[in-house]
Amino acid sequence: MRTDLRRYIVHDSLNIQMRMGFVITGEGDSRRKVAVGDHLVIGRAGDNGLVLADSAASRRHAEIERMGQDFLYRDLGSSNGTKVNNRDTIHRELKHGDLIRIGQSTIRFIVGPPINPEGRDPREVNRELQDWIEGKVAEIAATVPE
């Protein structure tokens, strides 16, 4: 039983660690890529994770929330609404490549590997991740009866 549990935990942990949501907005020099993390609020207010300089956007227009492997989009009661892939949207699951339209702003949602801001060797990052996973697996496996 421990072997089966170990395989499941390692597989599931790698999937969760290797899948991250990002939003991309703007073009050229004004292009920005922002990690969603577990929760991202989008709107005009300066304390949002993604601030839009768009008068048609509400101060707290929408949010993207991570739910396990999925990313959910939710309009927060905005005045002008939102379109995802040219359809009026209040709440929906986002997929890689979806286009979110808030006012005059277009935001592309993408799924990719985690950001490596230090520019470290990916093999080193993967080794550290694998060591961390192995440690967690050992902790959990120790609590499972044989």
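Among the lysines, which fall within straight-line cross-link reach of Lys33, defined as a Cα-Cα distance under 22 Å, with same-chain neighbours fewer than 8 residues apart omitted?
Once the sequence-local lysines are set aside, what remains near Lys33 is Lys83, Lys95.
Full extension from Leu76 to Arg32: what is 0.36 nm times the residue separation minus their Cα-Cα distance, to one decimal in nm?
Extra length from Leu76 to Arg32 when fully extended: 13.6 nm.
With each label point set 7 Å from Cα along the Cα-Cβ vector, what nm distance links Ile24 and Lys95?
Result for the modelled spin labels: 1.9 nm.
Taken together, the values in this text are just the output of simple stated rules run on the coordinates, not laboratory data. All values derive from a computational prediction rather than experimental measurement. Here Cβ is always computed from backbone atoms with ideal geometry, including for glycine, and neighbour counts include all displayed protein chains.
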